[in-house]
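Contents: one structure, followed by commentary.
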Ligand code: HEC
């Protein structure tokens, strides 16, 4: 009797969910495909990062149970912001009704239904997500990725040959082989910056201790799930005449020798921008995480010395990264949590775009707090017996809160991050 009433209850729930989708039993063509088109096919289609393809019934059907589990646990679509803080323009978390539809479909035997009910197939722009680039800078030759072993970060320098300053509104980096590319970061190295001086353009190299240390300005990056940098009209990043693009390439061997030839595409602003967008970082390179520590805290902060508007945030840690938080402290003492990522996942380097830019008067401080799990309970931990410090390889650690701000077009990065010096001849207080 008891059993019977339980199963009646189960049936009632199932039909409720189906009723919500307007049919007696959700079917692939009518109910499921629209959800997949809108939320999943950007990655789950041939040639993209999602290893299985949710484009038709045949390729989706075997994954019905896995889909149910992935959406119920909110493992998919990848989105890690705690909904309690901040509103994000690129929030891709799935609506409750869509989760119900996918779950009811899997529970109801993953029925196909009639192809006549299917929405038209979505056509995705192949190649560049930003549209046709004005300029493409590509590695002159492919990088040879070995079948096994650890591959150091490599760098390749691509001269822009720009003879005038350029304002970049859209930028995208693309590997040619997503199976072995862990990430690409494109930096701008302005003329006179000694970073990696002496390296031959176009030839990938792993810097040695003799290479000049330093860094350029972050321009755009690729990792599975990243969206390219697309700025609003009136905003752009500055690439000065004579600059080089420095690509930082991180490949991971996957058992088969492979090749990759990365490239970046740029689209210039159609008119001089009102605002310059600059990527900054609140980073801490001085930590040491004790072996076995399951919740080691690291903090970082940076003060901004010009008025700015915050556009996006990107937490960056490696395999021991556990959680990450961005806060703002305004000059009047008010503080606010901007982004909380309670379960950080190294596989996803996600940018969180604010729905509305946040005004930050000069003097505002961005603070970040991260925790690391260096215990044996962290399944991603390469070695819980080691003390861990800052380093570039994924078994070292990083603690970087990247963020983009928009400032007046004539403000430079140094104006933002360096405290103002009193002007010569100034008597102060005037
Ligand atoms: C931004 C890209 C992206 C989006 C959007 C996305 N996925 Fe995925 N998905 C991936 C990648 C990459 C993997 C394989 C790596 C992994 O499991 O993290 C994956 C794995 C999966 C898996 C296998 C999980 C497992 O445990 O093996 C399922 C099921 C899945 N996705 C379902 C979905 C569904 C359903 C949606 C939409 C509601 C979706 N994904 C949206 C990129 C994406």
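Computed values, structure above
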read-out: Cross-chain or 6+ apart pairs with Cβ under 6 Å, segment 102-123 first and within 18 Å of residue 41 (Cα to Cα), then surrounded by fewer than 14 Cβ atoms within 10 Å (Cβ to Cβ) and at pLDDT below 95; value: none
read-out: Inter-residue pairs, beta-carbon under 8 Å, first farther than 13 Å from residue 125 by Cα and in contact (Cβ under 8 Å) with a residue 60 or more places away in the chain and in segment 41-52, second assigned to a loop (DSSP other than H, G, I, E, B) and more than 7 Å from the ligand (Cβ to nearest atom), 6+ apart; value: 49/178
read-out: Matching option when the condition is modelled with pLDDT under 95 and more than 22 Å from the chain's Cα centre (by Cα), among 361, 419, 331; value: 419
read-out: Enumeration of residues in segment 393-415 that are within 14 Å of residue 321 (Cα to Cα), at pLDDT below 95 and assigned to a loop (DSSP other than H, G, I, E, B); value: 393, 394, 395, 396, 398
read-out: Those residues of segment 74-114 which are near the ligand (Cβ under 9 Å from one of its atoms) and surrounded by fewer than 16 Cβ atoms within 10 Å (Cβ to Cβ), in sequence order; value: 75
read-out: Members of segment 115-129 found to be modelled with pLDDT of 95 or more and exposed (fewer than 11 other Cβ atoms within 10 Å of the Cβ), listed by number; value: 116, 120
read-out: Any chance residue 60 is closer than 30 Å to residue 222 by Cα and either modelled with pLDDT of 95 or more or under 21 Å from the mean Cα position of the chain (by Cα) (or both); value: yes
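Residues checked against (1) under 22 Å from residue 405 (Cβ atoms); (2) part of a loop (DSSP other than H, G, I, E, B):
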{"residue": "137", "(1), (2)": "no, no"}
{"residue": "151", "(1), (2)": "no, yes"}
{"residue": "188", "(1), (2)": "yes, no"}
{"residue": "200", "(1), (2)": "no, yes"}
{"residue": "218", "(1), (2)": "yes, no"}
{"residue": "232", "(1), (2)": "yes, yes"}
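The values are calculated or read from the model by the stated rules, or taken from the named source; none is laboratory data. No experiment lies behind these values; they were computed from the predicted model shown. Virtual Cβ from ideal backbone geometry, glycine too; neighbours counted across all protein chains shown.
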